Amino acid sequence: MRGCPRSGTARRVGPAPPERAAPTEGVELAREHDVVAARHLVRRVAVEAGYDLVTQTKLVTAASELARNTVIHGGGGRMDVERVEDDGRRGLRLVFTDDGPGIPDVDLALTEGWSSGRGLGLGLTGSRRLVDRFDLRTGAGQGTTVTVTMWQRR
Ligand SMILES: Nc1ncnc2c1ncn2[C@@H]1O[C@H](COP(=O)(O)OP(=O)(O)OP(=O)(O)O)[C@@H](O)[C@H]1O
Ligand SMILES: [Mg+2]
């Protein structure tokens, strides 16, 4: 991504999401309490899909951080859960969207410990590490969409 103009330009980090997707459910993320609903939804869908406990917990933890960012930094938005299949592999994909201010400097936001506010600056980097795929589309004034995918362990 080096050489990309920074300010005012949409940035993208991560590979393209896999092809086939079937939407399941979603939640609105307007206030802090909705983060709890997002956690519960992800846990339930992961259990239903047969994920092992460790993988469930990783995905729920990532969802919690990303949902919190949507509420706190994005001014609210939503999370949608989709079942995905890629080359015979099954996975769950979580899409967090908001029409908030966007992230002007993605590299900075993805620096462990950096926060524009009073946070610990661990949410984005932590969730990125927990999932199999992490895709961030954002830009100043363009809202933010974070898409994460977790494959079912065989
Ligand atoms: N949805 C979003 N909209 C706008 N800015 C965002 C969004 N998500 C993250 N950011 C920006 O990226 C920075 C880093 O996010 P990250 O989740 O890593 O840390 P934090 O939310 O500040 O603190 P923590 O999550 O550790 O409590 C945020 O401080 C914020 O500036
Ligand atoms: Mg955060």
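The values are calculated or read from the model by the stated rules, or taken from the named source; none is laboratory data. Owing to the predicted nature of the structure, the values given are computational and were not obtained by experimental measurement. Methodologically, a virtual Cβ is constructed for each residue, glycine included, from the backbone with ideal geometry; neighbour enumeration extends over all protein chains shown.
Quick rundown of the values:
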| quantity | calculated |
| --- | --- |
| Hits in segment 98-136 (condition: farther than 18 Å from Ala63 by Cβ and β-branched (Val, Ile, Thr)) | Ile103, Val106, Thr111 |
| Criterion: closer than 24 Å to Val45 by Cα and either of a type in the set (Asp, Glu) or within 12 Å of ligand 2 (Cβ to nearest atom) (or both) - qualifying residue of Gly126, Gly117 | Gly126 |
| Any hit, segment 106-123, residues being more than 6 Å from ligand 1 (Cβ to nearest atom), among the acidic types (Asp, Glu) and assigned to a strand (DSSP E or B) | no |
| Residue within segment 4-12 that is surrounded by 17 or more Cβ atoms within 10 Å (Cβ to Cβ), modelled with pLDDT under 85 and not acidic (Asp, Glu) present | yes |
| Looking only at segment 124-140, and only at residues there that are assigned to a strand (DSSP E or B) and within 9 Å of ligand 1 (Cβ to nearest atom), the one that is surrounded by the most Cβ atoms within 10 Å (Cβ to Cβ) | Thr138 |
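Residue-wise test of (1) more than 18 Å from Val13 (Cβ to Cβ); (2) in contact with a Pro (Cβ under 6 Å, 6 or more places away or on another chain); (3) surrounded by fewer than 22 Cβ atoms within 10 Å (Cβ to Cβ); (4) aromatic (Phe, Trp, Tyr).
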site: Ser64; (1), (2), (3), (4): yes, no, yes, no
site: Arg93; (1), (2), (3), (4): no, no, no, no
site: Asp99; (1), (2), (3), (4): yes, no, yes, no
site: Pro104; (1), (2), (3), (4): no, no, yes, no
site: Asp107; (1), (2), (3), (4): no, no, yes, no
site: Gly143; (1), (2), (3), (4): no, no, yes, no
site: Thr147; (1), (2), (3), (4): no, yes, yes, no
